[in-house]
Amino acid sequence: MICRKIILPLLILSFSTSVAFCQTEVLKGVVNSLAFYKQKKDLKYLANAKKSVDSLIITRADSVDAEKTVYRIVVYSSILYIDSLNKLNQPANFFAQTTDMVNNLSSKRKAYKYQAEIDYSKRCLANVYIRKAFLYVNKSDFGNALQLFQSAQKYAPSFKQLNAYIAYSNNKLGNMQIAAKYYTDLVNADSTKAEYVQAASNNYKLLGDTASALNVIKKGRKLLPNDKTLLLDEANIYSNRKDYRSLAPLLPALLDLNSNNADIAFVAAVCYDHLNQHDKAESLYLRSIDLNSSLYDPIFNLGLLYLKESVTKQEKGNNPDNTRAAQWLEKANEISPNNADCLHVLQLAYTQAGNQDQINRINNKLKQLTNQ
């Protein structure tokens, strides 16, 4: 089964100063510094913005002033997001201080007046949480990574990619049911990706819930009808369940997309064989052998197919011809000389043909295997 790894990119935010502040003379210095940073991308302007906004906080009344506070959280959260290496030497509690300010302002009745600025700051903080989480992911510390991803989701609930990060971490922690749920939520989104579908399906398979795995793949294929990996995944489930009637409609597309794949040709041949479509089965066994003549299974199955056809002819009163069956079974025996199943089928073929010399040879070989 083909499975693509999930890529976990960082949340990218564009720094913006398009905020709806009333540009009073007192706050003009902060706004100008933010504008200069946007133009020149020099951290010194963020430092100037912080210095300007901090200078406004003198009294307790200043610290609870909503307009001044919203300036502070925009500046502080921008620094946290942009200055990932802390070149501006902010104190250790700078992140916690900023999150507290954002949380407190968000809980105020007048917060709706500054919703755009609060949302921007929350996205900045979410990015910081994600960045910190990936440091733990890189150290395979998925417990701490999970907590940080969940914290990020509180600040950026609409960022669907976080479901993938949370699912991935739960998967690594062995929380397969939780991971499957998050992946399934991603599958149900309009902008789902094939890797999410596969991840959800794989988690359900590990839980032994093949029915849910199949449902997820079917949903994914409706949303991504041209994805050949999902087509193969669905076909694999039917094949493993020996549900050949459900598998058969998928085979034409599967064979077209994998025309040079001997294994898929073999799976298709087995399907048609079980559905008694012997001509299609024969053709595909031969294709599989032509693509890879060293494979035992298609050669053995082809010999078995010819033997069954011979038995059918005999049952109808016709003279059986085991020549082709014996020929292919002998080739299978050359590839796997100690395979007892193949020897027993060869024994049947030669018994039907009345070839006593070959029967004796096969019997001696089976005795040798039994005495080993």
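From the list 165, 136, which residue is part of a helix (DSSP H, G or I) and touching a residue at least 40 places away in the same chain (Cβ under 8 Å)?
Numbers: 136 fails: touching a residue at least 40 places away in the same chain (Cβ under 8 Å).
It is 165.
On the given criteria, is residue 185 farther than 20 Å from residue 149 by Cβ, at pLDDT below 90 and open to solvent by 60 Å² or more (accessible area, probe 1.4 Å)?
Against the criterion (farther than 20 Å from residue 149 by Cβ, at pLDDT below 90 and open to solvent by 60 Å² or more (accessible area, probe 1.4 Å)), residue 185 does not qualify.
In segment 121-150, which residues are surrounded by fewer than 18 Cβ atoms within 10 Å (Cβ to Cβ) and either more than 17 Å from residue 94 (Cα to Cα) or small (Gly, Ala, Ser) (or both)?
Listed by number, the residues that qualify are 134, 135, 138, 139, 140, 141, 143, 144, 147, 150.
Mind listing just one residue for me: the one in segment 188-217 that is of a type in the set (A, V, I, L, M, F, W, C) and touching a residue at least 40 places away in the same chain (Cβ under 8 Å) and, of those, nearest to residue 149 (Cα to Cα)?
Ranking the candidates gives 199 first.
Return the pair list, or none, for Cβ contacts closer than 7 Å from residues in segment 56-74 that are part of a loop (DSSP other than H, G, I, E, B) to residues that are among the hydrophobic types (A, V, I, L, M, F, W, C), at least 6 apart or on different chains.
Matching pairs, first to second residue: 56/26.
Given (1) open to solvent by less than 30 Å² (accessible area, probe 1.4 Å); (2) under 37 Å from the mean Cα position of the chain (by Cα); (3) modelled with pLDDT under 85, where does residue 21 come up short, assuming only one miss?
Here residue 21 clears every test but (2).
From the list 219, 172, 205, which one is in contact with a Phe, Trp or Tyr (Cβ under 6 Å, 6 or more places away or on another chain), open to solvent by 30 Å² or more (accessible area, probe 1.4 Å) and at pLDDT 90 or above?
172
Of the conditions (1) in contact with a Pro (Cβ under 7 Å, 6 or more places away or on another chain); (2) at pLDDT 95 or above, residue 310 clears all except one; give me its number.
(2)
Tally time: how many residues in segment 77-105 are in a helix (DSSP H, G or I) and of a type in the set (D, E, K, R)?
First pass over segment 77-105, keeping only residues in a helix (DSSP H, G or I): 77-82, 94-105.
With of a type in the set (D, E, K, R) added as a condition, the list becomes 100.
So the count comes out to 1.
Scan segment 226-240 and report the pairs whose first residue is without any contact (Cβ under 8 Å) to a residue 24 or more places away in the chain and whose second residue is aliphatic (A, V, I, L, M) and open to solvent by less than 10 Å² (accessible area, probe 1.4 Å), with Cβ atoms within less than 6 Å and a gap of 6+ or a chain change.
Every condition considered, the pairs that remain are 234/217; 238/247.
Which of the helices (runs of 4 or more DSSP H) found entirely inside segment 223-337 contain at least 2 residues meeting this: among the acidic types (Asp, Glu) and open to solvent by 70 Å² or more (accessible area, probe 1.4 Å)?
Output list reads 278-291, 296-315.
Out of all the residues in segment 87-99, is one or more within 19 Å of residue 152 (Cα to Cα), touching a residue at least 40 places away in the same chain (Cβ under 8 Å) and within 41 Å of the chain's Cα centre (by Cα)?
No, segment 87-99 contains no residue that is within 19 Å of residue 152 (Cα to Cα), touching a residue at least 40 places away in the same chain (Cβ under 8 Å) and within 41 Å of the chain's Cα centre (by Cα).
Filter segment 338-372 for residues that are among the small types (Gly, Ala, Ser), within 20 Å of residue 302 (Cβ to Cβ) and open to solvent by less than 60 Å² (accessible area, probe 1.4 Å) and give the result.
Within segment 338-372, 340, 349 qualify.
Return the only residue of 76, 37, 71 being of a type in the set (Ser, Thr, Tyr), modelled with pLDDT of 90 or more and within 44 Å of the chain's Cα centre (by Cα).
76
The values are calculated or read from the model by the stated rules, or taken from the named source; none is laboratory data. In this text, all values refer to a predicted model and were calculated from it rather than measured experimentally. Note: ideal-geometry Cβ built from the backbone for every residue, glycine included; neighbour counts use all protein chains shown. Side chains are part of the model used for accessible areas, which takes the heavy atoms of the whole protein and leaves out ligands, DNA and RNA. Shrake-Rupley method; radii C 1.70, N 1.55, O 1.52, S 1.80 Å.
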